[in-house]
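**Q** Sharing a structure below in structure tokens format, with a few things to ask.
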Amino acid sequence: MSQRQVLQVFEQYQRARSQFAQAVADLAARSQSIDTLRSAGVVCLLRPLLLDVVPSIRQTTALALGRLADYDVEMAEAVVKAGILPQLICSLPEENRYYKKAAAFVLRAIAKHSPQLAQAVVQSGALEMLVICLEDFDPGVKEGASWGLGYIARHNPELSQAVVDAGAVPLLVLCIQEPEIALKRIAASTLSDISKHSPELAQTVVDAGAIAHLAQMIPNPDAKLKRQVLSALSQIAKHSVDLAELVVEAEIFPVVLTCLKDSDEYVKKNGATLIREIAKHTPELSQLIVNSGGVAAVIDCIGSCRGTVRLPGIMTLGYVAAHSENLSMAVIVSKGIPPLCLCLVEEHEDHIKAAAAWALGQIGRHTTEHARHVAVANALPTLLDIFVDPRSSEDLKTKVLPHDNKARRLFVTTGGLKKVQEIKAEPGSLLQEYINTINNCYPEEIVRYYSPGYSEILLERVENYQPVL
């Protein structure tokens with residue numbers, strides 16, 4: 001046999017390995033093929049190809065494993081149990097950019113499913129490799145590494161701390177300063193995932209100088225980037241007064257208010273969420289929002305959208321109004337009550353109605369003047385209708401039925417209690433139980449006074465009364 005014939009055998013073997021890896025990668029992209037691949041033991045067949053002498057085969061194999069692991073928890077667990085992770089990362093720093101991107105994809109595909117799988121990725125030593133990839137010259141490699149770190153950090157504080165301890169945060173802050181939009185997006189998203197768990201983790205992101213760079217990107221025309229930037233700032237601001245003040249000091253007002261008019265609904269929602277996380281802390285921060293025109297902008301936002309996009313704006317009005325009489329009046333003067341009442345009528349989700357009811361309660365609870373504004377907007381009959389609706393959740397009923405003295409008085413003077421007594425309910429029915437719950441908030445003689453026919457009974461007693469002379 002000639003030398004050429006011998007070499008042909010090896011060439012055929014190489015082609016077969018390459019074709020197999022590519023075919024599996026293609027099949028793994030189709031959900032209908034996964035079960036067949038699973039039953040054929042495809043993960044174990046791919047494993048030796050990760051150490052192949054041909055770089056393109058290693059890359060294609062990693063891509064195939066990433067697509068398989070991405071499909072479901074079972075496939076991700078199979079990849080881990082096959083001992084693939086150590087093989088995947090053992091020579092990562094020396095590999096080319098295509099392999100690095102594919103390897104980062106595998107790590108993220110495994111980590112996304114559960115804290116346990118993310119922990120397995122951490123234990124394999126992957127964090128150090130991903131951090132090294134954050135320093136790569138290729139933006140795509142940095143992007144893949146950011147994805148992987150984000151999927152690990154998002155699960156819980158312990159995993160997020162592991163990402164921090166690996167030295168990822170300063171490099172992620174550098175990534176948001178890179179010119180590539182895709183890299184900016186995912187780096188901002190990962191900083192958001194790290195910050196969300198605790199004040200300490202958020203402080204780590206702040207200490208790396210993230211706030212100023214994030215704030216500068218709020219006016220960026222890319223909607224997906226704005227979503228992530230606003231989310232990251234929200235996750236930092238939510239934890240404490242100090243962190244919220246640091247976000248405000250980055251001069252996010254009034255520019256953040258433009259996000260409430262954005263054509264992208266997630267930008268609107270995340271912008272309103274950021275304002276909510278600032279408003280909730282102190283009267284001073286809420287006053288700053290009022291002074292910058294924030295309350296009026298939030299009210300306009302609530303009026304221009306539907307569903308869960310409205311929710312953070314609704315909560316913002318409630319938080320602002322809760323702090324003081326003056327701030328509550330600022331919400332009233334800005335015409336905040338009518339859109340909240342509209343939410344009670346238009347929205348179908350109980351948690352959104354509950355938030356609107358809670359916000360109206362915060363507005364009206366300060367004085368009789370505040371309560372009068374809520375009553376004049378005809379909110380109470382709507383709240384009553386919601387309360388007696390058997391489809392309403394217990395949480396919604398709790399938000400609707402007030403138990404403070406001013407609200408109880410208002411419910412009587414606006415005719416709400418009288419309306420309840422006029423409802424005809426079957427004895428022992430759920431509706432009757434709701435009516436009884438409301439009535440139990442008042443003295444028995446008041447309930448009797450507003451019951452149908454009671455005035456006639458009183459008149460009859462007057463007519464039949466024999467004065468003692």
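The values are calculated or read from the model by the stated rules, or taken from the named source; none is laboratory data. Nothing here was measured: the structure is a model prediction, and the numbers come from that model. Methodologically, a virtual Cβ is constructed for each residue, glycine included, from the backbone with ideal geometry; neighbour enumeration extends over all protein chains shown.
**Q** Checking residue 100 against (1) closer than 20 Å to residue 116 by Cβ; (2) surrounded by 23 or more Cβ atoms within 10 Å (Cβ to Cβ); (3) not polar (S, T, N, Q), only one condition comes out false. Which one?
**A** Answer for residue 100: the failing condition is (1).
**Q** Applying the selection to region 66-109, what residues are polar (S, T, N, Q) and over 18 Å from residue 24 (Cβ atoms)?
**A** Once the filter is applied, which keeps residues that are polar (S, T, N, Q) and over 18 Å from residue 24 (Cβ atoms), region 66-109 yields 91, 96.
**Q** Just need a number here: residues in region 110-137 that are within 19 Å of residue 28 (Cα to Cα) and surrounded by 24 or more Cβ atoms within 10 Å (Cβ to Cβ).
**A** Number satisfying all stated conditions: 2.
**Q** Condition first: at negative phi, touching a residue at least 24 places away in the same chain (Cβ under 8 Å) and loosely packed, with under 13 Cβ neighbours inside 10 Å. Can you find one or more residues in region 35-46 that meet it?
**A** No, region 35-46 contains no residue that is at negative phi, touching a residue at least 24 places away in the same chain (Cβ under 8 Å) and loosely packed, with under 13 Cβ neighbours inside 10 Å.
**Q** Which of the residues spanning region 70-104 are among the small types (Gly, Ala, Ser), closer than 24 Å to residue 139 by Cα and within 30 Å of the chain's Cα centre (by Cα)?
**A** Selection gives 102, 103, 104.
**Q** Where in region 78-123 are there helices (runs of 4 or more DSSP H), lying fully within it, with 2 or more residues that are closer than 19 Å to residue 166 by Cβ and of a type in the set (Asp, Glu)?
**A** Per the criteria, no element qualifies.
**Q** Conditions: (1) surrounded by fewer than 22 Cβ atoms within 10 Å (Cβ to Cβ); (2) at negative phi. Residue 320 meets all but one. Number of the miss?
**A** (1)
**Q** Oh, and also: Looking at region 433-455, which of its residues are of a type in the set (Gly, Ala, Ser) and at negative phi? First the steps, then the outcome.
**A** Let us first name the residues in region 433-455 that are of a type in the set (Gly, Ala, Ser), namely 451, 453, 455.
Scanning region 433-455 gives 451, 455.
**Q** Please pick out the residue among 131, 79, 122 that is among the aliphatic types (A, V, I, L, M) and either touching a strand residue (DSSP E or B) at 6+ places or on another chain (Cβ under 8 Å) or closer than 19 Å to residue 21 by Cβ (or both).
**A** 79
**Q** Which of the residues belonging to region 317-375 are closer than 25 Å to residue 291 by Cβ, among the basic types (Lys, Arg) and either modelled with pLDDT of 85 or more or touching a Gly at 6+ places or on another chain (Cβ under 9 Å) (or both)?
**A** 335
**Q** How many residues does region 47-58 hold that are surrounded by fewer than 12 Cβ atoms within 10 Å (Cβ to Cβ) and of a type in the set (A, V, I, L, M, F, W, C)? Steps first, answer last, please.
**A** Filtering region 47-58 for residues surrounded by fewer than 12 Cβ atoms within 10 Å (Cβ to Cβ) gives 48, 53.
If we keep only those that are of a type in the set (A, V, I, L, M, F, W, C) as well, we get 53.
Here the count works out to 1.
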